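Trainee: A single structure is presented below for examination.
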Amino acid sequence: MTPPPQKSAAAYAIPAGPVAYIMKRYPRLTETFIINEIRAMERLGADLRIFSLLQPEPPPHHPMVAQVVAPLHVLPATWGAKFKRLATSHAKAIGAAPLRYLAVAGRALQWSATSSSPLAVWKHFFRAGYVAAECRAEGIAHIHAHFANTPTSVAHFASLMSGIPFSFTAHAKDLYLTRKSVIARRTRAARFVVTCTGYNVRYLEDIQGHPAGKINLIYHGIDLDMFNARPTSPPAPHPVPLILSVGRLVPKKGLNDLIAACALLKASGTAFRCRIIGEGPLRAALREQIQSAGLEALVTLEGAMTHAELIALYGTADLFALAPRIEDNGDRDGIPNVIAEAMAIGLPVVSTNVSGIPELVRNLETGLLVPPRDPAALAAAMAQLLHDRPLALRLAAQGRALLERDFDLWTTTRRLHSLIGCQDCAPKPRKALRADMPLSQGARP
């Protein structure tokens, strides 16, 4: 897919200085794409400060987290200390610009009156006071939020309080479960908007009320240095082929359809094993489905893994399968990062033709696509790739070539780096990246 015309980076040039990244929770085991982006931004010279609106996830953390040198700002965990910090921050905001602060409080009152979650609006306002005070103290030149919901709401308020411009990256659930009028408001206020699929670009451009040319397509980049692609003629498949699937155990991932497809594979006499990696609220229901179908010896739910563990597991599989779908409330994936990672290692892929997935998995070119909620079609596609070795190898090779062309981390991050204006940044002296960081772990500048 050819990316739509985009504004030049010069149109978004900003004063030199550090950049604040706002996320709901950092680090998170399921958001390797953000960690990789932050590492790459730092390697390209950006001076970053990270704001986590909630307390960080407890370990295990991905090894890449230790390679990020940006300081982490997070409110205290206890209510008493948190209230004191918020009160101090808002007092500073009032003292720095009282009329501006009152105007922002008025906006919060107005937006909460029309919101389905008025308390959430005020939560965002109070968190933004903390972010704005810290950004002033750090000399932040630009604020960038990941996800179009809570983080962008906080970034918008913080921008209004401080006068610091902001931008945001829209992904999937955050975009489609937020009211269009709210997305339009945040888009109008942002200096620019990034999103990770052409499918999302079209959705955002259909929302009325924002200037044309503000939406930028930047795919989630894959650090290909971390994935050693298989040779074009790898060893013969295992006697019992391994199907791998990775994703949170939530409805939109379609894992119940995958398990139903596995039952059909078993009934057809196809030899296979299937390992499902991930955690989530559907674990009990999926386990019951596996037991009811008599698949306990073939299909296993194996919980969450670190990125390093997952990369090693990709190398043991014969096929990657994921069956995302659009839920009744509109929730959906963009392009699941795990599909790109599987393709990077050289696995043939079967997935569904929803959302942005066809931009990466192109039917009979870089993988096989089937309709969502169709276990029979999914089973047939998996069987085809398990039995047709030449086809599987060709699709895998072409998938890796597409990644190298359009989804390389360093190419995609340079686009964001330029949009934010980091080519003009003059980072303050600070701790350098570890000298022993190998290229294979993403140290390529």
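The values are calculated or read from the model by the stated rules, or taken from the named source; none is laboratory data. All values derive from a computational prediction rather than experimental measurement. Using ideal geometry, Cβ is built from the backbone for each residue, glycine included, and neighbour counts are taken over all protein chains shown.
Trainee: For a quick check of your reading of the model, give me the residue pairs whose first member lies in region 262-282 and is closer than 16 Å to L242 by Cβ, whose second is assigned to a loop (DSSP other than H, G, I, E, B) and of a type in the set (V, I, T), with beta-carbon atoms closer than 6 Å and at least 6 apart or on different chains.
Mentor: That search, which allows pairs on different chains as well, returns A271/V240; R273/V240.
Trainee: Sticking with this structure for a sec: Being within 17 Å of M23 (Cα to Cα) and of a type in the set (D, E): is that true of E134 here? Spell out the reasoning first.
Mentor: On the way: within 17 Å of M23 (Cα to Cα): yes; of a type in the set (D, E): yes.
Spelling it out, E134 is indeed within 17 Å of M23 (Cα to Cα) and of a type in the set (D, E).
Every residue, every condition in (1) within 30 Å of A40 (Cα to Cα); (2) among the acidic types (D, E); (3) touching a Gly at 6+ places or on another chain (Cβ under 8 Å); (4) not assigned by TED's automatic domain parsing to the domain that holds I243, yes or no:
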{"residue": "H387", "(1), (2), (3), (4)": "no, no, no, no"}
{"residue": "L391", "(1), (2), (3), (4)": "no, no, no, no"}
{"residue": "G399", "(1), (2), (3), (4)": "yes, no, yes, no"}
{"residue": "S418", "(1), (2), (3), (4)": "yes, no, no, yes"}
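Trainee: Can you name the residue in region 351-402 that is assigned to a helix (DSSP H, G or I), without any contact (Cβ under 8 Å) to a residue 40 or more places away in the chain and within 23 Å of the chain's Cα centre (by Cα) and, of all such residues, is surrounded by the most Cβ atoms within 10 Å (Cβ to Cβ)?
Mentor: Checked region 351-402; the qualifying residue surrounded by the most Cβ atoms within 10 Å (Cβ to Cβ) is I357.
Trainee: Which number in (1) under 30 Å from I35 (Cβ atoms); (2) modelled with pLDDT under 95; (3) surrounded by fewer than 19 Cβ atoms within 10 Å (Cβ to Cβ) marks the one condition that H417 misses?
Mentor: Result: H417 fails condition (3) only.
Table: residues versus (1) under 21 Å from A145 (Cβ atoms); (2) not small (G, A, S).
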{"site": "A46", "(1), (2)": "yes, no"}
{"site": "R49", "(1), (2)": "yes, yes"}
{"site": "P58", "(1), (2)": "no, yes"}
{"site": "H61", "(1), (2)": "no, yes"}
{"site": "A66", "(1), (2)": "no, no"}
{"site": "V69", "(1), (2)": "yes, yes"}
{"site": "R85", "(1), (2)": "yes, yes"}
{"site": "T88", "(1), (2)": "no, yes"}
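Trainee: Then there's this: Would you mind finding the one in H124, H73, H61, H90 that is over 24 Å from I164 (Cβ atoms) and assigned by TED's automatic domain parsing to the domain that holds L177? Give the derivation first.
Mentor: Details: H124 fails: over 24 Å from I164 (Cβ atoms); H73 fails: over 24 Å from I164 (Cβ atoms); H90 fails: over 24 Å from I164 (Cβ atoms).
None of the other options fit; the residue is H61.
Trainee: Also, I was wondering about something else. If A172 satisfies every condition in (1) under 20 Å from D331 (Cα atoms); (2) in contact with a His (Cβ under 6 Å, 6 or more places away or on another chain) but one, which is the exception?
Mentor: (2)
Per-residue answers, yes or no, for (1) β-branched (V, I, T); (2) surrounded by 23 or more Cβ atoms within 10 Å (Cβ to Cβ):
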{"position": "T88", "(1), (2)": "yes, no"}
{"position": "I94", "(1), (2)": "yes, no"}
{"position": "W111", "(1), (2)": "no, no"}
{"position": "T114", "(1), (2)": "yes, no"}
{"position": "L119", "(1), (2)": "no, no"}
{"position": "H124", "(1), (2)": "no, yes"}
{"position": "V131", "(1), (2)": "yes, yes"}
{"position": "A145", "(1), (2)": "no, yes"}
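Trainee: Quick test of your reading of the structure: F51 fulfils all but one of (1) touching a strand residue (DSSP E or B) at 6+ places or on another chain (Cβ under 8 Å); (2) free of Cβ contacts under 8 Å to residues at least 24 places away in the same chain; (3) of a type in the set (F, W, Y). Name the failing condition by number.
Mentor: The one condition F51 does not meet is (2).
Trainee: If you don't mind, there's one more thing I want to ask. Need at least 2 residues that are touching a helix residue (DSSP H, G or I) at 6+ places or on another chain (Cβ under 8 Å) and not β-branched (V, I, T) per element, so show me which strands (runs of 3 or more DSSP E) inside region 214-325 make the cut, counting only ones lying wholly within it. Working first, answer last.
Mentor: On the way: elements: 215-217, 242-246, 273-277, 299-301, 319-321.
Per the criteria, 215-217, 242-246, 273-277, 319-321.
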